[in-house]
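The values are calculated or read from the model by the stated rules, or taken from the named source; none is laboratory data. The structure presented is a predicted model; accordingly, all values stated were derived computationally and were not measured. As a convention, Cβ positions derive from the backbone with ideal geometry for all residues, glycine included, and neighbour counts pool all protein chains shown. To get the accessible areas, we keep the full protein, side chains included, count just its heavy atoms, and leave off ligands, DNA and RNA. Shrake-Rupley method; radii C 1.70, N 1.55, O 1.52, S 1.80 Å.
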Amino acid sequence: MLILNDRKVSVFRRIFRNNYEFEEINHDIQDLINSGLISISEYYFVKCVNRNDSDFLDLTEDQKNCSGKSYINGNQESSECEICNRQLVLENKERFKIYTISINYDIVISALSEKIGSDRISINNNPHIIFSDEEGKEHFLCILDLCENVECRSKFYYSDDTLYIYCDIVLAEIEVPNVIWLFDFLSINPDQILSFIKSSTPLVDSEKIQNVMENFIDTMLWQEFEDFITQILNYVREHPDQYNEGMSFLQKYSGTIVSSFGIKLSGTGRTDVYSINLLDYFMLLLKSDIRIEAKHSEPNNINSSIHLNDLRELMDHAFQNEGIIVTNRKKIDGSAIGRCIELKETNGHWKYIIIHRPLLILFISLFIKGFWDDPEVYYQN
């Protein structure tokens with residue numbers, strides 16, 4: 001186990017990330033390599049503009065301002081600058097060595113297990129660690145970098161039994177009660193781990209949310225659910241303080257694992273998981289004068305998926321304008337969300353989106369927190 005002090009944590013905060021580039025292996029990086037938490041790869045690159053290269057004198061004054069580079073392998077004869085797209089003849093150009101970091105998540109999981117006490121740990125499907133405290137109560141740890149479960153990507157706003165740990169720092173630190181960076185967690189004294197986990201979860205009770213979903217929303221008629229969705233969206237639009245609170249959070253963490261979720265696609269030639277930025281996604285949901293299709297299911301059918309036919313129905317009713325499906329169902333079929341993504345990439349923005357049960361819970365938790373305490377205040381039947 002690494003010996004952590006304030007200086008070490010500060011250094012690791014800067015360098016412990018996938019694809020972090022550096023030119024020299026110093027003591028801190030060597031400590032991480034020795035711990036097994038990272039491995040490194042060696043690459044070479046050439047600079048587009050380098051006074052030591054034979055092509056420097058041939059450059060115009062404008063070309064000499066380029067700071068681009070090009071990664072190369074031993075067999076290349078030419079390459080292209082990543083910034084100005086200038087063709088670079090590699091013969092007689094100086095080559096520079098660079099290293100990149102890859103996080104070894106298997107070792108991360110082992111380090112977390114060791115920190116908590118391996119005698120109380122069971123590991124479920126890699127990103128999830130389950131353990132029991134001295135009273136027999138189960139607690140859950142989720143490694144966000146590895147987790148593809150959309151419910152995990154939304155539950156940290158309201159879960160009462162999970163601590164979420166992120167490894168790869170991107171853009172900003174995450175100020176959410178039950179989300180913590182790996183090295184901050186590892187730096188906690190072992191005798192304080194359990195009390196920290198118990199005290200770090202949000203104040204909202206997930207059992208309360210489950211009760212409202214099952215006994216209030218799931219029991220609605222489809223007409224009531226349609227009216228309910230219209231009312232809560234109008235409520236957020238008409239209350240700038242709550243709109244701004246939810247949007248500020250999403251804007252602050254836009255591009256990070258906190259403000260995104262991964263969804264599995266289906267079909268040939270597709271990537272397995274597509275990451276969706278919640279800021280862009282929810283902005284479409286809150287636009288006025290937009291077509292909304294409410295798909296309510298009875299309790300015995302909420303495990304079913306929204307399918308491509310449901311999306312086609314929305315597109316027909318929206319007359320090719322923007323539209324949204326909102327449902328209490330738990331799943332989205334990969335072909336349906338895949339079509340939404342295709343249209344987004346074609347148009348440059350979301351034209352159709354699907355809000356299923358986890359995202360509906362997340363939206364309410366971000367924008368109408370008081371709803372879970374008294375839902376009838378926000379929905380007048």
* To do: Please report the relative contact order for segment 237-361, taking Cα pairs under 8 Å with a sequence separation of at least 6, and give it as a percent rounded to a whole number.
  => 22
* Can you tell me which of 181-191, 54-64 comes out highest on packing, and rank the rest after it, using the mean Cβ neighbours within 10 Å? => 181-191, 54-64
* How much area per residue is accessible in the chain when the probe is 1.4 Å and only protein heavy atoms are counted (Å²)? -> 51
* Structure fact -> Taking a crude spin-label model, label points 7 Å out from Cα along the C-beta direction, the Arg312 to Cys84 distance in nm is 5.2
* How big is the accessible area of Glu175 in square angstrom, nearest 10, if you roll a 1.4 angstrom probe over the protein chains? -> 140
* State whether the chain is rounded, prolate or oblate according to the following rule on the C-alpha gyration tensor (a ≥ b ≥ c being the square roots of its eigenvalues): a/c under 1.5 gives rounded; otherwise a/b larger than b/c gives prolate, and the remaining case gives oblate. => oblate
* To do: Take each of the peptides 82-90, 95-103, average the number of other beta-carbon atoms within 10 Å over its residues, and list them starting from the highest.
  => 95-103, 82-90
* **Segments 239-246, 142-149 sorted - mean Cβ within 10 Å per residue, highest first** => 142-149, 239-246
* How much of the accessible area of the chain, in percent, comes from carbon and sulfur atoms when a 1.4 Å probe is used? -> 44
